[in-house]
Every structure is written in C-alpha cells, then in structure tokens.
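The values are calculated or read from the model by the stated rules, or taken from the named source; none is laboratory data. These numbers were taken from a predicted model, which means no experiment stands behind them. In this analysis, Cβ positions are derived from the backbone assuming ideal geometry, glycine residues included, and neighbour counts consider all displayed protein chains. All accessible areas refer to the heavy atoms of the entire protein, side chains included, with ligands and DNA or RNA removed. Shrake-Rupley method; radii C 1.70, N 1.55, O 1.52, S 1.80 Å.
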Amino acid sequence: MPGPERDIVIGADGFLGRNLVPRLRAEGREVVEIGRAAGDLSDWANVEHALRAAPQAGRIFHVVTRQRTGAVQYDIQGELLAINARVHLNVLEAWRLYQPQAKLVSTGSSCTYPESAEPLPEARFGQGPTHPSVIGYGLAKQVLATGSAAYAHQYGLTFLHCVLATLYGPHDNKASDRSHFVGALLDRAAREKAAGAQQFEVWGNPQTVREVLYVDDQIDAILAADRAFDNEILNCAANAPVTVEAVARAALAALDWSVPLVSPPGSFQGAAYKMLDSTRFLDRTGWRPRIDLEAGLRRLVAAEYAGR
Ligand SMILES: C[C@H]1O[C@H](OP(=O)(O)OP(=O)(O)OC[C@H]2O[C@@H](n3cnc4c(=O)[nH]c(N)nc43)[C@H](O)[C@@H]2O)[C@@H](O)[C@@H](O)C1=O
C-alpha cells in the first residue's frame, strides 16, 4: 500500500476503534488516535485541528457514528442526521485539506439501503427509501459514502466505504438503546438471568433477519477489503443471514441460561429484513468469518460478563 506506514483512526475510543487500534498496531503500523479528547467532532474547529495537527498518514479510518438501537430510533432521526452528517462532512473536508495523500476508509451501514426482502447488492445503493426507524441515520451514512466518492473524484483522492454487518463484541456501549442489538439483547439477558427471570422476551418478530459479525471478523473484513478495493462503496459482510431468534438462543446458551423465549406483542420492531449481498467482496478477497455466533457470544460473555 502506498503512503506512510501510519494510520489515523477517527473514533479510536469508540466500539469499533477500541478493537481496531490494537489490531493495526499488531500489524506494526503506527496509529494516531483521534477520540473524544479531540472534542465534539460535529464542530468543524475540532476536526480541522485534529487532522491538521496529525502527522501525514497512509490511511484514515473514520469509524465515528452516533447510533441507537431500540424504539428510541423512531423519535430521533433528525438529531442523528444532524450530528452524523456534520461529523462526516467535517471529516471529508479535513481529509482533502490536510491529509489528501491518505486513503479514507470509512464504515457504513445496511441502513443506507432501501427496504428489501432480498439481499442488497451495491447496485441498489441509494435506490429507494430507507426504513423509517433509520431515515436520518441512513441518510447521514449516504452523505459519507457518496460524499467520499464526490471528494475523491473532484480532488483526486482515494477512498473505500465499507458497508458493515451489525457488530457485536467487547467495548460496545452497554446502555440498552446505545449498544448494537446483539449486545443490547445479551446485556438484557444477563441482567434478567441475574434477577431470576423465568423467561426471556425477544422483541419484535423473532424471524426478523440480520447479518451479525464478531468485531474481530469485521475488522479482518475491512482490512481485506482495503487491500483489494479502491474508490468503491463496498458491502463487506459474509452473506450469512441469521434470525433475531437465533441470536437470542445463542445469547442464552452463551450465558448458560435455559428459559423459554417469548415475544410480547407491541415491542420494538426494526426493519423486517436487512441483508447485504457481499458477493463481490467475498469473491475477490476470499475472506470468510472465523468466529461463529455462539463462539463469539461466549467470547463476549467471558470478556465482559465473567461469573454471571
Ligand atoms: C448497525 C445498525 O444497528 C442498528 O440496527 P440493527 O442492528 O438492525 O438493529 P435494530 O435496532 O433494527 O434491531 C434489530 C431487531 O432486534 C429486535 N430485538 C429483539 N430483542 C432486542 C433487544 O433486546 N434489544 C434490541 N435493541 N432489539 C431487539 C428488534 O425488535 C429489531 O427488530 C441501528 O442502529 C442501525 O442504525 C445500524 O446501523
């Protein structure tokens, strides 16, 4: 890869960043961390300062996002649009001004795609309305993805926008509305087990479909994609759908907790089906996940719920 053997990670102390930084250092790369200490990244002055002050890098990993899970999402899409779009636009502008030699590797979400009952290939990107629960969040990610392409084209820069699965693993936020749904569900199950509950409620329709990846697998996928692709909006998952019910069963198994699952009517339901078609990525890189759902949840339980 051309450019300095140095990476900047924006969002270094977030969920993905805290897992990514040690992985990059293990590869022998120097990592410049930009995190909460840099201030509010929706404020241009803070992003401008951080990327101007940083030494020249070969890659910028932009892994900052304000995201929510659960019912609250329906009510705060304006806020998620405003904050995330500002952060993304600030990063794009500071990239072209102060780090134009760097490849901008950013992370996207299946929320940017229209609702569909079929796996979504890249050709469907931006072609239709997003699910109402993510209308602002998804639009902000579109700003980042399409904005990266626009900046690269106008200013001769290089980017890769990786559309990810739903992640789980160590360092995710534990608050029930702030974790990704896998972590939120596991945390709720751990608390309810400790409280002696006799059943576990799976919200929404248990047959809801998602793609989930353990964070280490997703990081491997991003790095594999980075080696193989430039200037693309690229789906980077495993073509492996899973139901929310299967996630719940694996979470209970990882907690060694055996109770019946129930589904209360009226609980939060997100998009019924979210699947990327990652065939281009899988065919070209040969990447495959190494940690299956139950093994990944057991790792997470060992890391953060030992003894519960
Ligand atoms: C990365 C990605 O992360 C989020 O999207 P998501 O992962 O698809 O998650 P969701 O909030 O659509 O939940 C998935 C499904 O799961 C069911 N469900 C069952 N039991 C629990 C439960 O205990 N907690 C939660 N939160 N959901 C549960 C729930 O009914 C729902 O249908 C977004 O922030 C999105 O913006 C984004 O980018």
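What the table shows:
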| read-out | value |
| --- | --- |
| Surface/4 of the Cα convex hull for segment 155-244, nm² | 7.8 |
| Calculated FRET efficiency for the pair Val262/Arg227, C-beta based, R₀ 41 Å, to 0.05 | 0.35 |
| Largest-first ellipsoid semi-axes for segment 1-102, taking √(5λ) over the Cα gyration tensor eigenvalues, angstrom | 25, 17, 10 |
| Amide H within-cut-off set for Ser109, under 5 Å, with H built and near neighbours excluded | Leu164 |
| Degrees, to the nearest 10: 77-98 long Cα axis against longest axis of the chain | 30 |
| Protection proxy ranking of 291-303, 176-188 - average other beta-carbon atoms within 10 Å, highest first | 176-188, 291-303 |
| Kirkwood hydrodynamic radius of segment 106-154, Cα pairs, Å | 11.2 |
| Accessible carbon and sulfur surface of segment 194-305 relative to its total accessible area, %, 1.4 Å | 49 |
| Probe 1.4 Å, accessible area per residue of the chain, Å² | 42 |
| Within the chain, percent of DSSP bridges classed antiparallel, to nearest 5 | 5 |
| For the chain, Cys with no neighbouring Cys Cβ under 4.7 Å | Cys111 |
| Gyration tensor (Cα) of the chain, equivalent ellipsoid semi-axes in angstrom | 32, 20, 19 |
| Residue-by-residue Karplus 3J(HN,Hα) for segment 101-117, coefficients 6.51, -1.76, 1.60, Hz, glycine and proline x | 6, 7, 7, 8, 9, 10, 10, x, 9, 4, 4, 6, 8, x, 4, 7, 9 |
| Net dipole in debye of the chain [+1 Lys, Arg Cβ; -1 Asp, Glu Cβ; about Cα centre; nearest 20] | 280 |
| Anchor Lys103: lysines whose Cα lies under 20 Å away (excluding residues fewer than 8 positions away in-chain) | Lys141 |
| Residue-wise HN-Hα coupling along segment 17-32, computed from phi with Karplus coefficients 6.51, -1.76, 1.60 (Hz; x: Gly, Pro) | x, 5, 8, 6, 4, x, 5, 5, 5, 5, 7, x, 8, 7, 10, 9 |
| Nonlocal amide H pairs with His180, under 5 Å, H built at 1.01 Å | Asn173 |
